[in-house]
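The values are calculated or read from the model by the stated rules, or taken from the named source; none is laboratory data. Everything numeric in this text was worked out from a predicted model, so none of it was measured. FYI the Cβ positions are ideal-geometry reconstructions off the backbone, even for glycines, and counts take in every protein chain you see. Surface accessibility is based on the protein's heavy atoms, side chains included, excluding ligands, DNA and RNA. Shrake-Rupley method; radii C 1.70, N 1.55, O 1.52, S 1.80 Å.
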Amino acid sequence: MAVSRGWQTSPAPRTASRATIGRRARRAFAHHAAAYLFLLPAIIVFALFAWYPILKGFALSFEHYQNNNVGLPAHWVGLDNYRALFADPSLNFGAVWLNTLQFTLYALALGYIIPLGLAMMINEIRQGRAVFRVAFYMPVILPTIVSMFIWQKALYDPDPNGFLNEVLGWLRIGPQPWIADQGQAMICLVVAATWAAAGGTMLIYLAALQGVPAHLYEAAEMDGAGLWRRLYHITLPRIRVIMLIMLLLQIIATMQIFTEPWSLTGGGPVGETTTVMVTLYNTAFGSNGGAQDFGQASAIGVLLFCALGLFSGLYFLVTRRFSQ
Amino acid sequence: MIDTTETTTSLSRRSFVLKTAAAGAALAGGADLVRASEPAQAAPRADASTTTFTLNDMPAQSDKVNVASFNATVARFEKAHPDIKVIGKADTFDPTTFYAHYAVGNVEDTYKVYFTDVQHLIQIGYAQDISAWMKNWKWTSSIQPSVRQLISDASGKVYGFPVDAYALGLSYSKRYFTAAGLDPNSPPTTWDQFRAYAKQLSKVGIGRYGFAPLSLSNTGGWHLTAMMYSYGGQPEIVQGGKTIANVNSPACVKPLQLLWDMRWRDHSIGPKEMGYNDNTAALANGSIAMGILAGDQPRFFKTQYQADINNFMLAGLPQGGGNATLMGGDVQLIKPGSSPAVINAALEFTDYRYWDLTSWAASDKGQLSSGGVVGIPANIIMGGSLKSAIAAIDARYTNVPAATYKLFADASNTLKLTPEPRVLAQKMYSLLDPCVQAVLSSQSSNPQALLDDANKKFQAVLDAANG
C-alpha cells in the first residue's frame, strides 16, 4: 500500500519477520565471530583484573572488615566509612585534598609547559635530535623510587654540602632546607616529579609535531612568518587535540600521585605533601597512624573516582568545540 | 550476474580467520589436556620428615658481621636438629607496611615485632597462642613481669616469645667532645647541660650540629616519648579503665620546647629530618656529636658504618626530673594457623638463637671472629638467673672497653625503665612526628599549640577505640 507524503508517494516500509531478524543476527554474529574470539581473552582479563576490582572497591566502600582481616567476612555499614573520613581530625581530609589540588596546579604549570617546550625545541633541531631525545627521556627509565631517592639523599640534602646547596653556595646564596621546610616541600616535590616524568610526555608531543606537514612551515616562512607566528598559527592548531588529551590525562595522573610524595617526603613535613592517594594508602594499611581500614580506604578511592569522573565529563563538554 | 569472486574471497578469508581462531583455541585447550596427561613435573623433593619455616628478622645483607653470625647460628641449630630447616629473610618488621603484607598473606611463619604492636596484633588475631610451649620453657620465670603482661592477653594466654628489649640512651662522639673542649668522660646528665653541650659542639664546624632528633616514620614520636618520660611526663594515662591522651601536659611539652630552643635559638640542631639509624650514620660520619640511641644500636657503628666504635660512648638519657627512660623491644610471634610442627620448630630456633647459653657463647665467639661487637649490655628483657648467666658469658668475650658503656649500664640499673605506651603507641607516635617536624622546619611553630592539636587528635582516636 503506498503511503502519501504530500506530492510524493513511497512504498510502505517492510517490517521484517522474526525469522528474518534471527537470520540477520546469526549472520552478523558469524561475520564478527572471529573478532569476538580474539577479544575474549582480553575481555576475561579486564573483567577479572580491572572491572571486578573496581566494582568490588565500590561495594567495599560501604563495608567494614573486622580487624582489617580480609579472612573474615565484611559487613555492611552504609555511609559510615564516608562519614569517618570527614569526622576524623587526625586525617585532615580537607587539607589532603587541598594539597592534591595544589600539587596538580603546580605540576601542570611546570609539567605541561616544559615537555611541550622541549619537544618544540628538539623538533627544530636538524642534527643530533636523537641525542637530546635520549637525554631527556633517561629520567623516565629510572624507577620512580630510585629517582626520588636520588633527589632526597643527594640533591635535596639540607646540609650546606648537599648538592643543590653546594651549587647555591657558588652563587653566594645560603643553604636551603628544601624538603625539610613546610614552605618549600611541595615545590621540591613538583620539580622532582616533573623531572622524572617530563621525558615521556615530551616524546608524545614530539611525535605529534612530526606529523605536522613540513610544507606548511615552508609556505609560512616564504610569507615572512617568524618563529612565534608559525608556532601560533600552524603548530598549536595542528597539535591541539593531542594537547587537550594530554592535559586531561595529566590532570588525572597528578590527582592520583602517590609514589613520588611517599618516597620523597613520606607525606611530610607536617603533612604538607600528603596527597589523597597517600592518605588512601595510610588508611588501608595503617601506616603513619592510618586507620588500617580497607572500607574507609575504598571510600577515599570512590570519592577520588567521582571527582575525576565529574571533572572529565565537564572537560569533554567544554572542550568539545576545540577538539572538532 | 553477481560477482562472487569477492564474496568467495572474503568468505575464504573469514573462514580462514575463523579456522585460525578455532585452531588456536583447540591448541591451547589441547596443550592443557596433554599437560594433564603427563606425569606431574617433579616438584623439588621435600623430605616429609623435615619441617621448614621462614622468619623475618635476618640481618640486612649490608650488615655482613651479623649476617655471618646469623648464618653460623642457623648452621649450628640445623646440625643439632636435622629435621628442621630455617629460611631467614631480611624483612624487618615495619609497622607502616606489615599490615599490608599480612593482609595479602605475604608474611613469614614467624615475625619479630615491636613491643608497641604486640597487644594490637594479639587483639586482632595476628598471633598464635603458644601458652603450652611457654609453660614448659625453662626460663619462663626469668621474664620481666612487665614484659610477661605485654605478651599475654587479658585471660593470661601467652602469644609472644620475648626476645630482646632495649633502653634508650645518649650516644656521643669522644673526638667531637674533645674538639669542642668538653670532657668525654662527663656527658650531660640533665637536659639543661645537654642543651649547653650541644650549643658548644655545634661551633666545631659548618654543617656540623651538636644533636639531631629523629622525626620520620614514627621515630620522632618514639624518641619524644622517651624524653617525655625523662621529664616525668606520661603521654597517656589510664582513668577509670579508659586511656586518656596526655601529650600536652607541661612535662610532655618541655622536651618539644627544648628542641625548638635548640633549633631556633641555639642553632645546635639542623633542618634535616631523620629516621631510624639515620642519626647513627650521622654520628658515624661526624656530622652530629650526640644522638639518642637504643642500647643495641652502637654495634652498627662498627658492623654497618665501619666507624671506630671506641670513639663512641654510651651514657644514660639526660634527665629533667623524671628519672626514667623508655624501654622498648621485640617479641617473636607465630603466624596463626601454622602447623604444630612449624610452631615448635620456630620456637625451638628462637629459643636457641636468643637464649641458649651455649649458642650465646658461640655467637659471641662468632661475632669476635667476624669483626662484630660483644659486651654492650643491650638486651635487658630478662632478669634473674638468666641475666646473670648471660652477663658472665659476655664478660669472657667482650671486645668493647667497659668504660665505653659503663655510664649506660649504670643508668639502666638506676633509671626507671618505662615500657612504651601500651595503647595505640604507634598511632600516638605518628601524631607526634609532625610536631617534631614542625619544630625542625618552622620557626613560627609553637610547641604547646602543636601538642594541644596532637592531643586532641589522639584523644579522638582513643575515643573511637574505646567505643
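Tabulated values for the structure
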item	result
Of residues in region A:164-182 being part of a loop (DSSP other than H, G, I, E, B) and within 13 Å of another protein chain (Cβ to nearest Cβ), the one most open to solvent (accessible area, probe 1.4 Å)	A:175
Out of B:312, B:408, B:349, sole residue that is open to solvent by less than 60 Å² (accessible area, probe 1.4 Å) and within 22 Å of residue B:121 (Cβ to Cβ)	B:349
Odd one out for residue A:82 among (1) within 25 Å of the chain's Cα centre (by Cα); (2) more than 30 Å from residue A:66 (Cβ to Cβ); (3) away from chain B (no Cβ under 14 Å)	(2)
Residue match in region B:232-255 (condition: within 16 Å of residue B:291 (Cα to Cα) and surrounded by 17 or more Cβ atoms within 10 Å (Cβ to Cβ))	yes
Pairs, first outside the structural domain of residue A:207 (by TED's automatic domain parsing) in region A:112-132, second surrounded by fewer than 15 Cβ atoms within 10 Å (Cβ to Cβ) and outside any helix (DSSP H, G or I), C-beta under 6 Å, six or more apart	none
Residue list for region B:411-429, filter: touching a helix residue (DSSP H, G or I) at 6+ places or on another chain (Cβ under 7 Å), of a type in the set (D, E, K, R) and more than 13 Å from every other protein chain (Cβ to nearest Cβ)	B:420, B:422
Conditions (1) within 30 Å of residue B:222 (Cα to Cα); (2) open to solvent by less than 40 Å² (accessible area, probe 1.4 Å): number failed by residue A:254	(1)
Single residue of A:185, A:193, A:220, A:198 found to be more than 20 Å from residue A:251 (Cα to Cα), open to solvent by less than 20 Å² (accessible area, probe 1.4 Å), in the same structural domain as residue A:268 (by TED's automatic domain parsing) and under 26 Å from the mean Cα position of the chain (by Cα)	A:185
Hey, residue B:74 in contact with a strand residue (DSSP E or B) (Cβ under 9 Å, 6 or more places away or on another chain) and either open to solvent by less than 10 Å² (accessible area, probe 1.4 Å) or within 14 Å of chain A (Cβ to nearest Cβ) (or both) or not	no
Sole residue being more than 14 Å from chain A (Cβ to nearest Cβ), over 30 Å from residue B:273 (Cα atoms), among the small types (Gly, Ala, Ser) and touching a strand residue (DSSP E or B) at 6+ places or on another chain (Cβ under 9 Å), chosen from B:403, B:378	B:403
Among (1) over 27 Å from the mean Cα position of the chain (by Cα); (2) of a type in the set (Phe, Trp, Tyr); (3) open to solvent by 10 Å² or more (accessible area, probe 1.4 Å), the one test that residue B:166 misses	(1)
Evaluation of residue B:330 against (1) under 16 Å from residue B:171 (Cα atoms); (2) crowded, with 19+ Cβ neighbours inside 10 Å; (3) away from every other protein chain (no Cβ under 14 Å) (one fails), failing number	(1)
Number of the exception - residue B:172 against (1) surrounded by fewer than 20 Cβ atoms within 10 Å (Cβ to Cβ); (2) within 29 Å of residue B:298 (Cβ to Cβ)	(1)
Residue satisfying condition, being hydrophobic (A, V, I, L, M, F, W, C), within 30 Å of residue A:72 (Cα to Cα), under 20 Å from the mean Cα position of the chain (by Cα) and within 14 Å of chain A (Cβ to nearest Cβ), within set B:161, B:115, B:98	B:98
Residue list for region B:430-458, filter: open to solvent by less than 10 Å² (accessible area, probe 1.4 Å), closer than 19 Å to residue B:237 by Cβ and either facing another protein chain (nearest Cβ under 7 Å) or modelled with pLDDT under 95 (or both)	B:458
Among (1) closer than 26 Å to residue A:188 by Cα; (2) out of contact with any Phe, Trp or Tyr (no Cβ under 6 Å at 6 or more places or on another chain) - the single one residue A:221 does not satisfy	(1)
Matching entry among A:36, A:65 (being among the hydroxyl-bearing types (Ser, Thr, Tyr), within 25 Å of residue A:298 (Cα to Cα), outside the structural domain of residue A:211 (by TED's automatic domain parsing) and modelled with pLDDT under 95)	A:65
Odd one out for residue A:149 among (1) in contact (Cβ under 8 Å) with a residue 40 or more places away in the chain; (2) open to solvent by less than 70 Å² (accessible area, probe 1.4 Å)	(2)
The listed residue being under 30 Å from residue B:359 (Cα atoms) and among the polar types (S, T, N, Q), out of B:441, B:388	B:388
Enumerated helices (runs of 4 or more DSSP H) restricted to region A:62-163, each holding at least 2 residues that are over 30 Å from residue B:104 (Cβ atoms)	A:93-111, A:113-124, A:129-141
